[in-house]
Structures are given as structure tokens and as C-alpha cells.
Amino acid sequence: MANKTWWKESVVYQIYPRSFNDTNGDGIGDLKGITEKLDYLKDLGIDVIWLSPVYQSPNDDNGYDISDYRKIMTEFGTMEDWDELLEQMHTREMKLMMDLVVNHSSDEHEWFQQSRQSKDNPYRDYYIWRAGKEGKEPNNWESIFSGSAWKYDEQTNEYFLHLFSKKQPDLNWENPKVRQEVYDLMKFWLDKGIDGFRMDVINLISKVPGLPDGKTHEGKKYASGADFYMNGPRIHEFLQEMNKEVLSKYDVMTVGEMPGVDTEQAQLYTGEDRQELNMVFQFEHMDLDSGPSGKWELKPLTLQDLKFTFTKWQKGLENDGWNSLYLNNHDQPRMVSRFGDDGEYWLESAKMLATFLHMLQGTPYIYQGEEIGMTNVHFDSIDDYQDIETLNMYREKLEEGNDPKDIMRSIYVKGRDNARTPMQWDDSENAGFTAGTPWLKVNPNYNEINADRQVNDVNSIFHYYKRLIQLRKENEIVVYGTYDLLLPDHPTIYAYTRTLGAEKLLVILNFSKEASNFELPSECHYQSKELFISNYEVDEAESINRIELKPYEARVYKLK
Ligand code: TEU
Ligand code: CA
């Protein structure tokens, strides 16, 4: 059995502060708003809060573009507000994981302002500057936020690299001074008492020397440079140095966000004896409904793909390393809309998906609003959307001659603003999120879907999550049991077991709105069974050898 540790037994709740709770009526969530809701999170059973960036930022990418790593964003409040929030969390025995964004900074950071002054400025090599080639960018890499990954700066007649927005210049990790700056800022927050870091795109920090061109595709002006910046040549060296210099000196939890990571690499990043990170956010299950050209190319999701991917990760890290478990976050559409049914079977499918995720092996992450089944949003006009990734894509595809209706369809399904509409607290104006005008419109379904209604309804999604979290705390098998897939070829049922010693959990999930026939596989012997949790009324005495599952029905039995 994997070594026991607190971060394997914890449930994490991600807060996107801008959209969580506004207490001063400016329409923007703030730190005081989070402090106000800690009892709600404690009641849910949350152990750790992952706070998306709250540092000083011009908000080109809503805080993922940092202009001062040691200051609190003015819109979110003051350092005193932050100190109070941390103290109130610790008083409630909740831990705080901050978001470390060090693949890039904001172009308004002092380091970049210096760096762009001149080629011999002491900060020049804090960033990645190159001369153009034949009047063009230094290479053909595409930015993840559309267009070239290079921006020309006439001050020194050179280009700087930005894998994300033009206002997010990549830091040069080859420069030991940059690495030391990062370690110092990490210690600043750790010495204030935080309990860990989520590390933004941390597997992009090591680039292949020479920054070679990517493979271009027919008719595309730029190419993906992912082969030359994902899981690069010095990534493990950098992470082991960070661990030695900083992380090893504190009792902290770390999760690295790693686009393009596979299970073999994840074992290297999270192996117990690797001294790198505790876990990673991988993206394979987030790409199952994307076509070859990326997330905006919609492709139907199949249950087979979901079974294959999750089984690969459950088995791949079962002996060494550790899984993070998530189905949505601030970058992804709402899980009940994407993997379930946000219409007729909204309640049942939200609970079924929660059962699926929380009975797997790994640390579960709940994204704000997921616990009340918040759904995707559908704004009629592109002017109602705020996300830079969406707006850049819209402009680029429009210029390429695509039909605006087709572009909007992709935005409805995959846009990041789906996850960023304000938290729906109650059925008062603006869902109780703000007394002012919200920075991003509230989802109009807040009258039906809000926390206030669900906290007072024992059959709500909120109470179902609370029960799942309680089961995890009361039963070691939920954390440490070994995962095995059942019925691999069943088209609508996802069934798996967890085994720990003589105990077994049997998890049966109907991923469809059709009734589905479950037959207990012969390998599932048992003497006694106990119904752990279900999203429909179930007669406990009923045999489980054959079950006709209702639409999106979920059941978990403990077998002995
Ligand atoms: O996201 C990393 C990333 O790859 C994103 O492009 C994300 O996967 C994509 O937008 C999905 O549609 C991190 C942060 O989570 C994201 O909010 C930031 O915009 C990005 O890095 C740059 O810091
Ligand atoms: Ca505010």
C-alpha cells in the first residue's frame, strides 16, 4: 500500500477568487469574500483550498500574469486580508495551497520592464529574447492563445517568447538567477505559513536549446512547439533543485499542472523517491472530446475512451506516484454539462459523476460550484465573453473566414468562461455574488441552482458531495484501495472495484440516460454486501447479480 500522507487523504477545493464572492460591491470577488464562506467549505468537509492567483496583476489572463509576486492584487484586497484568510483557514484546520505561476510573469513585472531596456541590462536574460530571422519571428511556434509565440520589441529590435498571451513573457529558467528568484518568492509565502503550491504549466519551463521550429501543417502559418517545450531536457533537474532548495524544508503539498504529460513521465515527477512533486494535473481525459487541431475542434466523447484513459492513469501510478482527480477547473467547461446531462438528468448525472471521481484512487479536486452542479453558460453575444483565450481564438477564426455561429458553438462547449461565471450563492440578484455589476454575467439558471437551496436540501448535490467526502474520511479503502476495471466493453456502464485487504468496493455507474443492464462479473465474490452510497432509492436487500440501472444511476457497495 502506498505510504500514508495527509495530502493523499485530503479533499481539495479550488477557488477562482474573481468569481467566488464579492464583499465591496465592485463586482469582483475578493479575499474577504472567501473568509466569509469558510464555514460553508468546512461544512462540505474540505481539507485544502487551492487559491488561483491573488498576486498583483494587470489581469490580462485574470491573475495568471503576475506583476509582483509578493503583493496582493489590489482588486482582491490587502496583505492583511490575506493574513486574516490564512489564519481563519488554519483555525478551522483547513490548509491553503497557493498558485505558483513561474513559467512566465506579466510584462508589467519590474524584471521585464528592466529586461526590455537594453541587451546588456542585468535582467536581460531573465526572459527569452532572440533576433528575428529574415524579417520574421525567431521560429514558427504558435502561442497557446493564438498567433505567434513571439512579440517584437522595437526598443532593442528583438523578439521575446510568450507561450501564452503577449503580456505573459516566458521566464528563462536556464538562468540560475531566475531560479533563485523563484525559490526566494516561494520561501516568502511558505514562511508566511501556506501549506503548498499548485504549479502552473510547470513542465513547460525547460525549453530545448536552439528552440527548433515545429512541424508546420498545411495552410497553418505557425506550428506547435510543444515537442520543444513540454517535459524538456532539464525539467527534472530544475524540479529536483526546487525540491532541495525549498520544498524539502517544509511539510507541503505540491501538484504540477502538466499539459502533455503521460503516465511514464508522471511516475518520474511524482515517484516517492524522486524528490520532485507529490502529484500532477494531467490532461489526457480533458482532450478526449477534442479533434486533432485542438480543443475547439469538437469530437464526441466515448465511454470507452474514458475507461481506457482513467484505467491507464489508475494502474500507471498505483504503486509509485499519486493521481490528482478532477473533471473541471477554471480552464475547463462544467463537468455536468460536458460528461453528464445538464438538462433532464442534471441531478442524477451530477451525483453519478461525483461518485465516479471520488471513489477512484487519488486526491479529489472540487472546483467552485461543482458541488452544487453549476452548468455551462450560453451568452448570445461574444461581447459577453471575457476570456483572452476565447477572444483571441474568436478573432483569429473570424479572420480565417469561419462562420461566427460555428465559432460560438465551440465556445459554448469548451470556453473557459463556462467555469468563470460567478458562484451561485442564492436566488437574490446576481445570485448573491455581488451587490454591484458582476465582472462576468451570472448564469441565468441561478434561481434553480444555488448553494442556499442545496445546503437546506438533504437530497441535493451539495449533500451528496458531503457524504462522499465523509465516506473517504471514514474508510481507508477509498484512499488506498487498488483500482480494477470491470466490464471493459460495456457501452454505457463504467464499473470498477477498489480492493484493500479483505475489503472490496464495487462501483457501478450508468453513464447514459438509457436504462442499462448490469451483470455482476464472476470475479466479484462476496459474503456480505453493504450499500455505501447511491443516487437513487435502492432496496438494500435486492440482489446485485443483475441490476437494471436507471438513467445515470450510481451505486457503491462495500463487499466482504
Ligand atoms: O493553463 C495551462 C493551459 O494549458 C491552458 O491553456 C489550459 O489548459 C487551456 O486554456 C484549456 O483550454 C494554465 C492556467 O490554468 C490557465 O488559467 C492560464 O491561462 C495558463 O496556464 C497560463 O498561465
Ligand atoms: Ca470585490
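The values are calculated or read from the model by the stated rules, or taken from the named source; none is laboratory data. All values derive from a computational prediction rather than experimental measurement. FYI the Cβ positions are ideal-geometry reconstructions off the backbone, even for glycines, and counts take in every protein chain you see. Ligands, DNA and RNA are excluded from the accessible area calculation, which covers all protein heavy atoms including side chains. Shrake-Rupley method; radii C 1.70, N 1.55, O 1.52, S 1.80 Å.
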Check your understanding: Going by the alpha-carbon gyration tensor, a ≥ b ≥ c the square roots of its eigenvalues, is segment 310-462 rounded (a/c under 1.5) or, if a/c is not under 1.5, prolate (a/b greater than b/c) versus oblate?
Key -> oblate
Revision key, fill the gap. Summing +1 per Lys or Arg and -1 per Asp or Glu among the other residues with Cβ less than 13 Å from Arg116's Cβ gives -3
**Study point:** About the Cα centre, charge dipole magnitude for the chain (Lys/Arg +1, Asp/Glu -1 at Cβ), debye
**Key:** 1000 debye
Study note, to complete from the structure: When the charge dipole of segment 188-304 is computed with +1 at the Cβ of Lys and Arg and -1 at the Cβ of Asp and Glu, the Cα pointing farthest to the positive end, of Trp296, Leu204, Asn231, is that of Trp296
Review point. Going from most exposed to least, what order do Arg18, Arg395, Arg420, Arg130 have by accessible area with a 1.4 Å probe?
Key: Arg395, Arg130, Arg18, Arg420
Study note, to complete from the structure: With +1 at each Lys and Arg Cβ and -1 at each Asp and Glu Cβ, the charge dipole magnitude of segment 442-522 around its Cα centre, to the nearest 20 debye, comes out at 220 debye
Exercise for review: Once you have a ≥ b ≥ c as the square roots of the Cα gyration tensor eigenvalues for segment 1-106, tell me rounded if a/c is under 1.5, and otherwise prolate or oblate according to whether a/b is larger than b/c.
Suggested key: oblate
Revision key, fill the gap. Convex hull around the C-alpha positions of segment 200-305: the volume in Å³ per residue is 129 Å³
Check your understanding: Where the only charges are on Cβ atoms (+1 Lys, Arg; -1 Asp, Glu), what is the dipole of segment 252-385 about its Cα centre, to the nearest 20 debye?
Key -> 300 debye
Practice item. Starting from the Cα of Ser290, step 7 Å along the direction of its Cβ; do the same at Asp125; then give the gap between the two resulting points in nm. Key: 3.4 nm
Check your understanding: Excluding Arg234 itself, what net charge comes from residues whose Cβ is under 12 Å from its Cβ, given Lys and Arg +1 and Asp and Glu -1?
Key -> -1
Point to revise | FRET efficiency, Ser528 to Gln113 (Cβ-Cβ, R0 45 Å, nearest 0.05) | key: 0.10
Practice item. Under 20 Å from a label point 7 Å along Cα→Cβ of Asn447: give me every residue in segment 330-358 with its amide N that close. Key: 342-347
Exercise for review: Take Glu241, project a point 7 Å from its Cα along the Cβ direction, then tell me which residues of segment 143-175 have their backbone nitrogen under 11 Å from it.
Suggested key: 173-175
Exercise for review: Tally the DSSP beta bridges in segment 1-155 and give the antiparallel ones as a percent, rounded to 5.
Suggested key: 35 percent
Exercise for review: Set Lys and Arg Cβ to +1 and Asp and Glu Cβ to -1, take the dipole of the chain about its Cα centre, and tell me which of Leu506, Ser534, Ser165 lies farthest positive.
Suggested key: Leu506
Exercise for review: Give the percent of DSSP beta bridges with both residues in the chain that are antiparallel, rounded to the nearest 5.
Suggested key: 60 percent
Check your understanding: Just the accessible area per residue of segment 1-82, please: how many Å² with a 1.4 Å probe?
Key -> 31 Å²
**Study point:** For peptides 246-256, 294-304, sequence by mean Cβ density within 10 Å, most packed first
**Key:** 246-256, 294-304
Exercise for review: Take the solvent-accessible surface of the protein heavy atoms, probe 1.4 Å, and return the percent of it on segment 416-521 that carbon and sulfur atoms account for.
Suggested key: 47 percent
Check your understanding: Cα-based Rg (one decimal) and Dmax (whole number) for the chain, in Å?
Key -> 23.6, 78
Review point. So what's the net charge close to Asn243: Lys and Arg +1, Asp and Glu -1, counting the other residues with Cβ under 10 Å from its Cβ?
Key: 0
Revision key, fill the gap. Note to self, the chain gives a 222 nm [θ] from helices alone (DSSP H runs n ≥ 4, -39500 (n - 2.57) apiece, / all residues, nearest 500) of -7500 deg cm²/dmol
Revision key, fill the gap. Checking segment 131-231 for GluC sites (Glu not before Pro) in a loop per DSSP with at most 16 other beta-carbon atoms within 10 Å yields Glu134, Glu154, Glu174, Glu218
**Study point:** Partners for Lys177 among lysines (Cα-Cα distance below 26 Å; same-chain residues under 8 apart left out)
**Key:** Lys71, Lys119, Lys151, Lys166, Lys167, Lys187, Lys192, Lys207, Lys244, Lys249
Check your understanding: What ranking of Glu84, Glu400, Glu553, Glu344 comes out by heavy-atom accessible area, probe 1.4 Å, highest first?
Key -> Glu344, Glu400, Glu84, Glu553
Review point. Percentage of Cα-Cα pair distances in segment 1-52 greater than 12 Å, rounded to whole percent?
Key: 67 percent
**Study point:** Leu268, Leu486, ranked by accessible area, largest first (probe 1.4 Å)
**Key:** Leu268, Leu486
Exercise for review: Compute, for Met242, the solvent-accessible surface of its heavy atoms (probe 1.4 Å) with the complete set of protein chains present, and express it in square angstrom to the nearest 10.
Suggested key: 0 Å²
Check your understanding: Just the accessible area for Asp30, please: 1.4 Å probe, Å², rounded to the nearest 10?
Key -> 10 Å²
